[in-house]
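Okay, so here's the structure we're looking at.
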Amino acid sequence: MTQIRPLVAGNWKMNGLKCAASEVLAIRDRLSTAEFNPEADVLICPPVTLIATLSDLIADTSISLGGQDCHGEISGAHTGDISAEMLADAGASAVIVGHSERRTDHGERDKDIYLKTLAVHRAGLMAIICIGETEAERRAGQTLDVVKRQLHGSLPTSALVINTVIAYEPIWAIGTGLTPTVDDIAEVHGMIRQELAAIVDSASAEQMRLLYGGSVKLSNAAELMAIENVNGALVGGASLQAESFLGIIAAYISDQT
């Protein structure tokens with residue numbers, strides 16, 4: 001297996017007004033310095049209201065922008081929804097689909113995520129497909145079964161290394177400060193890597209980026225990012241401030257002293 005370039009993605013969720021652009025400027029300016037040169041891609045997924053504004057601020061930089069959700073259709077009578085094509089038009093290059101808060105709060109199921117992923121691919125964007133178990137499912141010993149079902153139900157055969165990322169986010173760890181053990185994460189990510197071979201071509205199965213999400217923060221980023229088959233992070237609250245997000249990105253600076 002050749003080296004997989006990691007991805008550190010920040011999900012701002014329903015946070016951020018225009019003044020939050022200062023955090024992006026701080027991230028942009030730090031990443032542009034010679035001494036801070038992470039061996040990873042950086043993605044910020046702000047509220048859709050900020051994508052066009054931030055797109056101008058990060059033009060010609062290494063930072064990319066993403067949306068947090070999209071509708072499966074290109075256009076139509078879907079009040080309040082936004083299509084993947086609209087996100088692309090605003091400056092996004094990626095879209096998060098299937099986040100647990102969408103699955104839980106809005107009743108989205110694997111089939112919905114499957115269709116949204118197709119829409120993201122249709123628009124020429126990268127889909128970040130989120131999967132993960134609840135606390136009850138974990139306690140019942142169903143973690144691997146749940147993650148496997150969600151993976152097979154949400155991932156279309158159109159998935160390639162260039163247009164798809166899988167993010168394992170145990171629901172019980174999101175925003176709680178709790179994280180699975182290193183061995184638990186390694187087991188789940190290893191299973192995901194194996195199962196990908198049954199859905200996509202072998203090259204994509206070997207090279208597709210697998211992110212870990214769920215209370216990723218400055219204090220645990222280096223340990224989590226060192227786990228086998230963890231190719232980056234999907235970061236929630238810690239991505240809202242430049243200092244903490246940059247600290248997580250710094251896990252991929254190989255010449256730290």
Residues being farther than 25 Å from Asn229 by Cα and at pLDDT below 95 - total across the stretch 1-31
0
Can you find, within the stretch 51-88, the residue that is nearest to Leu118 (Cα to Cα) among those that are in contact with an Asp or Glu (Cβ under 9 Å, 6 or more places away or on another chain), among the hydroxyl-bearing types (Ser, Thr, Tyr) and surrounded by 15 or more Cβ atoms within 10 Å (Cβ to Cβ)?
Ser83
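Out of the residues in the stretch 29-47 meeting the condition of being touching a helix residue (DSSP H, G or I) at 6+ places or on another chain (Cβ under 7 Å) and either among the aliphatic types (A, V, I, L, M) or more than 23 Å from Ile96 (Cα to Cα) (or both), tell me which one is surrounded by the most Cβ atoms within 10 Å (Cβ to Cβ). Step through it out loud before you land on a result.
First, the residues of the stretch 29-47 that are touching a helix residue (DSSP H, G or I) at 6+ places or on another chain (Cβ under 7 Å): 30, 36, 38-40, 42, 44, 46.
Next, from what is left, pick out any that are either among the aliphatic types (A, V, I, L, M) or more than 23 Å from Ile96 (Cα to Cα) (or both): 30, 36, 40, 42, 44.
Values: Arg30: 16, Phe36: 13, Ala40: 20, Val42: 23, Ile44: 26.
Ranking the qualifying residues of the stretch 29-47, first place goes to Ile44.
State all residues of the stretch 155-193 that are acidic (Asp, Glu) and over 22 Å from Arg109 (Cα atoms); if no residue qualifies, say none. Outline the logic, then answer.
As a first pass, look at the stretch 155-193 and keep what is acidic (Asp, Glu): 169, 183-184, 187.
Residues satisfying the conditions are Asp183, Asp184, Glu187.
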Any chance the stretch 164-183 includes a residue that's surrounded by fewer than 18 Cβ atoms within 10 Å (Cβ to Cβ) and free of Cβ contacts under 8 Å to residues at least 12 places away in the same chain?
yes
Checked pairs for the stretch 192-215, first over 24 Å from Ile174 (Cα atoms) and polar (S, T, N, Q), second at pLDDT 95 or above and not in a helix (DSSP H, G or I), C-beta under 8 Å and 6 or more apart or across chains, list as Ser204/Ala159; Ser204/Leu160; Ser204/Val161; Ser204/Thr164; Gln207/Ile4; Gln207/Val161
Take the residues of the stretch 44-75 that are of a type in the set (Gly, Ala, Ser) and in contact (Cβ under 8 Å) with a residue 12 or more places away in the chain: which is farthest from Lys13 (Cα to Cα)?
Ser62
When restricted to Leu151, Leu118, the only residue in a helix (DSSP H, G or I), modelled with pLDDT of 95 or more and over 13 Å from His71 (Cα atoms) is Leu151
Identify all residues within the stretch 241-257 that are buried (at least 19 other Cβ atoms within 10 Å of the Cβ) and either in a loop (DSSP other than H, G, I, E, B) or aromatic (Phe, Trp, Tyr) (or both); write none if there are none.
Phe245, Tyr252
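The values are calculated or read from the model by the stated rules, or taken from the named source; none is laboratory data. The shown structure was predicted, so the numbers you read here are calculated from the model rather than taken from an experiment. So basically every Cβ, Gly included, is an ideal-geometry build from the backbone, and we count neighbours across all protein chains shown.
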